[in-house]
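What follows is calculated from the coordinates using simple rules that are stated; it is not laboratory data. Here the structure is a predicted model, which means the values were calculated and not measured. All Cβ positions, glycine included, derive from the backbone under ideal geometry; neighbour counts span all protein chains shown.
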Ligand code: PXP
């Protein structure tokens, strides 16, 4: 059965719009968990534009389901992960000017650093996933550096227009998932997934964890985050072919 981690960064984005104390991502995480989310995902960015150190600390204490920390491999952030010990980290590239994480991590180019970070996380019993394009060399580099999982970037699928382009992106994701599993990596997916496009991705057998943020928080404005989370879980359950 595929499961959902709700990315609650946008809740912190609303708070930071006024640099105040509401809405609190800690409250949001509890609501997601009550709706049945498997996990809570947060991205601690170098510029702390949404999630901050206090959020990471409190969420580590209060989240009972999986806490997945998205992060780049910069040393100060790696140290925070070692100290906080989330259940899982997902390594992403980070550019200061981007609106959201744009491309996947280049695990080939950063192989040496990636292997170091994996070793350090494993010492603290933290699972390591890499956010990557569904490309052979990235999957192999993730496996060779000892990662536990890969999160296949679904942004190209989400942006594809027309049935042929969509089919091509789905085929890439399916092939990426197969190669990941052959290399003993757990296959996750995320980025740009919505209530409208989740179906075909959730139908790919073996993709077992989805990280979804924007679409859920956008719907939460109208129906509340507990209901928005429950609706996404219902869709994943409906389309997921695994038992
Ligand atoms: N996965 C990763 C690695 C991400 O960086 C993000 C965005 O923070 C997501 C998933 C969630 O993407 P979206 O907000 O488009 O659902």
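A few remarks follow.
- Between residue 13 and residue 175, the contour length at 0.36 nm per residue exceeds the Cα-Cα span by 54.8 nm.
- What the Cα atoms of segment 25-137 give is an Rg and a Dmax of 14.0, 40 Å.
- D_trans [Stokes-Einstein, Kirkwood Rh over alpha-carbon pairs] for segment 92-243, 37 °C, 0.692 mPa s, µm² s⁻¹: 203
- For the pair residue 183 and residue 57, label points projected 7 Å from Cα toward Cβ lie 3.8 nm apart.
- Panel order for 4, 58, 91, by other beta carbons found within 10 Å of each beta carbon, from fewest to most: 58, 4, 91.
- Helical content alone sets the calculated 222 nm signal of the chain at -14500 deg cm²/dmol, taking -39,500 (n - 2.57) per DSSP H segment of four or more residues and averaging over every residue.
- Relative contact order (%) - criterion: Cα under 8 Å, at least six apart; region: segment 1-85: 29
- FRET efficiency for the residue 111 to residue 87 pair, using the beta carbon distance and R₀ = 25 Å, is estimated at 0.55.
- Shape call, segment 1-87: gyration tensor on alpha carbons, a/c limit 1.5: oblate
- The mean sequence distance of close C-alpha pairs (under 8 Å, at least 6 residues apart), as a share of the length of segment 95-201, puts its relative contact order at 26 percent.
- Remark: 129, 203 ranked as 203, 129, counting other beta-carbon atoms within 10 Å and listing the fewest first.
- The distance from the alpha carbon centre of segment 1-48 to that of segment 167-226 is 18 Å, rounded to a whole number.
- Length-normalised contact order of the chain in % [C-alpha pairs under 8 Å, at least 6 apart]: 22
- Among 222, 131, 210, a tally of other beta-carbon atoms within 10 Å of each Cβ gives an order, fewest to most, of 222, 131, 210.
- DSSP-defined antiparallel bridges as percent of all bridges, the chain, nearest 5: 0
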